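Report on the following structure.
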Amino acid sequence: MVDLRSRVLSYTRGLRRDGPYSPPGEDERRRLARGVGSLLDGDAHEAERLLGPIGLGVTRLTDTESGRRYDEIAATGTGASDRWGRLYLSADSRIRWSAQVPHPVSDRDTEALGVRLLEGTPGGALVLAGAHRLAGGGAGAADVAHREDSAFHGIVVELQKRGVPGIQLHGFARSTTDRYDAVLSTGAAQSAPGEVSALADRMETEGLRVCRGWSARCPLEGTTNVQSRAAKRQHATFVHLELAPRARGEGRDADGAATAVAGLLSTWTGG
């Protein structure tokens, strides 16, 4: 039994902007993709066989608070693979949605929102980057939302190949814009399915000021995001959500934002 929230957040608390980071090599990415695919297809033994040689393992966890079970892919040691990130999958039902956190700590409290969504809605996957976006020398190597050579990207693509819709969580600074509390878009797709428009409606009902990227010119629309481009190629639903500080963490609109996103996930699960 583990406290899932504490387990995830204790990992992200160790991420530093001056920390080390090096992406997995081509062979490691290929093995990772096969291992993640095996776990998604229900073969944990094969996933372990594939992931072990690159420093990753599969652990079945039971959350102390909810009693729900999750499968975790994480590093088994403290080498380079510990900075590649983690994957958490609901083990009690088929995976129907994913929450993606490419910039934990850097985009403050997006990691906490990701855990909250995973705990609150069955059938989910949480894809978590393992380094501050400025780690590894600050040249952009760890900015996994714009890098196809990351473990994060490979995991997201495996989910997309199986038709799993995803929402990617970002945060913006007050200095970026004070007109909006949330910027909602579909990245490279530039169009929105009905459930994404409904998410914008729910956020506005919760009192948030929302810019809709498919019908207005918005900052931070995620059009250069490599996971959004991959989703377009895979014909998978991708949602890019940018939240102001007050819509994250202890901000006054944080609960409203989380409630609205949970409604989207419930739609994806058929609820």
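The values are calculated or read from the model by the stated rules, or taken from the named source; none is laboratory data. Bear in mind the structure is a predicted one, so any value in this text is a computation, not a measurement. Because the Cβ atoms are built from the backbone with ideal geometry, glycine has one as well, and the counts that use them run over all protein chains shown.
Values as computed for the structure displayed
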quantity	calculated
Selection count where residues are of a type in the set (Ser, Thr, Tyr) and in contact with an Asp or Glu (Cβ under 8 Å, 6 or more places away or on another chain), scope the range 121-150	0
Search result, residues across the range 7-27 that are among the charged types (D, E, K, R) and out of contact with any Gly (no Cβ under 9 Å at 6 or more places or on another chain)	ARG7, ARG13, ARG16, GLU26, ASP27
Residue, surrounded by the fewest Cβ atoms within 10 Å (Cβ to Cβ), within the range 163-192, restricted to residues that are over 20 Å from the mean Cα position of the chain (by Cα), within 21 Å of GLU206 (Cα to Cα) and not charged (D, E, K, R)	THR177
Only one of ALA257, ALA236 that is modelled with pLDDT of 95 or more, buried (at least 20 other Cβ atoms within 10 Å of the Cβ) and in a helix (DSSP H, G or I)	ALA257
Tally of residues being more than 14 Å from GLY171 (Cβ to Cβ) and surrounded by fewer than 21 Cβ atoms within 10 Å (Cβ to Cβ) across the range 99-116	1
Answer from ARG17, ARG60, ARG96, ARG68 - the residue that is more than 15 Å from GLY154 (Cα to Cα), surrounded by fewer than 16 Cβ atoms within 10 Å (Cβ to Cβ) and in contact with a strand residue (DSSP E or B) (Cβ under 9 Å, 6 or more places away or on another chain)	ARG60
